[in-house]
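The values are calculated or read from the model by the stated rules, or taken from the named source; none is laboratory data. The structure displayed is predicted, hence computed values, not measured ones. In this analysis, Cβ positions are derived from the backbone assuming ideal geometry, glycine residues included, and neighbour counts consider all displayed protein chains. Surface accessibility is based on the protein's heavy atoms, side chains included, excluding ligands, DNA and RNA. Shrake-Rupley method; radii C 1.70, N 1.55, O 1.52, S 1.80 Å.
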Amino acid sequence: MPLLQVRDFPEDIYRKISIVAEKEHRTIAQQTIVLLKKSLGLEESNKERRRQLVKKCNARIIPDEVKLLNVAKLVREDRER
């Protein structure tokens, strides 16, 4: 993954990114990526992100032995331990 280093970054901008990152429960690096994506128009909408996730989930191959498991029975057995 590429590394980006910015010299002489304005302290006031860094503080604002830090504050927003903390509110959003992100690291400063994660928040910076989010802000750059937004400003460059590369941000996906929530609807598109969900659509991609559903597509990825549907593409997964689930073994037959997993499909046959009785989930309710497993939960019941676990609760009775």
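Before moving on, here are some points about what is shown:
- Condition broken by residue 32, with the remaining ones in (1) touching a residue at least 12 places away in the same chain (Cβ under 8 Å); (2) open to solvent by 90 Å² or more (accessible area, probe 1.4 Å) satisfied: (2)
- Flag if residue 39 is open to solvent by less than 80 Å² (accessible area, probe 1.4 Å) and in a helix (DSSP H, G or I): no
- Output for the range 45-76, where each listed residue is in a loop (DSSP other than H, G, I, E, B) and open to solvent by 90 Å² or more (accessible area, probe 1.4 Å): 60, 61, 68, 69
- For the range 4-29, residues that are part of a helix (DSSP H, G or I) and either open to solvent by less than 100 Å² (accessible area, probe 1.4 Å) or in contact (Cβ under 8 Å) with a residue 60 or more places away in the chain (or both) total 9.
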